[in-house]
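The structure under discussion appears below in the form of structure tokens.
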Amino acid sequence: MAQVNITLSQEEVLQVLAGNRDEAFKYLAERILNQIMLVESAEQLGAERHERTSERHDYRNGSRERVLNTRIGTLELELPRHRNQPFHTMLFDNYQRSEASLIATMVQMVIDGVSTRKVSNVVEKLCGTSFSKSGISELCKKLDAEIEAFKTRPLDMVDAPFLMVDATYFKARENHKIVSKAFMVALVIKTDGTREIAGFDIFDKEDDVSWRAFFKDLKSRGLTNVDMVISDAHKSILNAVVHTYSNAAWQRCQVHFVRNILNYTPAKYQAGLKVELRNIIFLFFRILMIMKPKMPFRK
């Protein structure tokens, strides 16, 4: 790639240093990006401005204004135009009006639980440009393919004897109504102590049908060598374990187990007892991982 040279006069430097810092960064970014596009244009044309050469492929045809939304504000750029072949730049794809890092940041905020309304407000205050809630939702839809690929991936987990499952409820809009949905998630614990999310799915409610379907999906994708299932005492989970992992033992969730014990413990002893219980449970699982018991299922 050709070398990019950015030249600032003394007056421009003093003006940048004396002014607002954010505006200074925007000014410098505009100068740098415009210069980069000029270099890209020259490479694609095969000639500099007013240069006569046999390697020229096309001719310049002016420029057009193009805005780019970034984390330091909206930049006003001069996009070169070519007479025959369209100009291509590495700065942004066709029809993309925002910096890729800004888009990734907005999507990550939504993943971390920030509402689309709050994301829109934050971006408008920081960057001086607005994004609609629906626009942010559309950006997040690009993650659907990646999420589906992770959700349906094959599970090569022959060394994952422990399976932990749980469900939580959240509100969702469906057919113009707000309804409650059950989000089910499965976590496996491998023999080396590492943990991995094996699967997740959304159902209307926790019942025998939904839990059986959830377990059957895990098993069909390769999670077959399960020695113990850990969960709360929901009856539908217990029934699903019997039908899907009939040779596995069942253990009540340690969080609920510890919580029940601490409810009957005087307040001054709770902190110390909580640590001791966790140590006992950790030792118990280490012994199980070594022995890998084949105990019959029991409630």
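Since every read-out is calculated from the coordinates, none of them should be taken as a lab result. What you are looking at is a predicted structure, and each value in this text was computed from that prediction instead of being measured. Every residue, glycine among them, receives a Cβ derived from its backbone with ideal geometry; neighbour counts consider all protein chains shown.
Taken along the Cα-to-beta-carbon direction at a fixed 7 Å, the label points for residue 258 and residue 144 span 3.9 nm.
Length gain on complete extension for the stretch residue 284 to residue 194, per 0.36 nm per residue less the alpha carbon to alpha carbon distance? Don't skip to the end; give the middle numbers.
Working: separation 90, 0.36 × 90 = 32.40 nm, distance 1.61 nm.
Taking residue 284 through residue 194 to full extension adds about 30.8 nm, to one decimal.
For residue 118 and residue 74, FRET efficiency with R0 = 25 Å and r from the beta-carbon atoms, rounded to 0.05? Present the calculation step by step, with values, prior to reporting the outcome.
Details: r = 20 Å, r/R0 = 0.82.
Approximately 0.75, to the nearest 0.05.
Among 50, 243, the ranking by other beta carbons within 10 Å of each residue's beta carbon, starting with the fewest, stands as 50, 243.
Within the set 26/118; 142/235; 142/190; 151/190; 141/171; 205/274, which residue pairs have Cα atoms separated by over 30 Å? As for pairs spanning more than 30 Å Cα to Cα, those are 142/235; 142/190; 205/274.
Going from the fewest other Cβ atoms within 10 Å to the most, the residues 41, 137, 210 appear in the order 137, 210, 41. Taking the Cα centre of the range 229-281 as origin and assigning +1 to Lys and Arg Cβ atoms and -1 to Asp and Glu Cβ atoms, the resulting dipole is close to 140 debye.
With the charge dipole of the range 155-291 set up from +1 on Lys and Arg Cβ and -1 on Asp and Glu Cβ about the Cα centre, the Cα lying farthest toward the positive end among the listed residues 270, 176, 237 is that of 270.
Taking each residue as 0.36 nm, the span from residue 168 to residue 220 lengthens on full extension beyond its C-alpha to C-alpha distance by 16.4 nm. Between amide H atoms placed 1.01 Å from N, distances below 5 Å from residue 232 occur with 253, all of them 5 or more places distant or on a separate chain. Taking other C-beta atoms within 10 Å as the exposure proxy, 188, 110 rank 110, 188 from fewest upward.
If I stretch the segment between residue 156 and residue 243 completely, what's the gain in nm (0.36 nm per residue apart, minus their alpha carbon distance), one decimal? Could you put the intermediate results ahead of the total?
Numbers: separation 87, 0.36 × 87 = 31.32 nm, distance 2.18 nm.
This chain segment gains 29.1 nm when fully extended.
The listed peptides 225-231, 23-29, ordered by packing as a protection proxy, come out as 225-231, 23-29 (highest mean of other Cβ atoms within 10 Å first).
Between the beta carbons of residue 137 and residue 54, assuming R0 = 41 Å, the FRET efficiency works out to 0.20 to the nearest 0.05.
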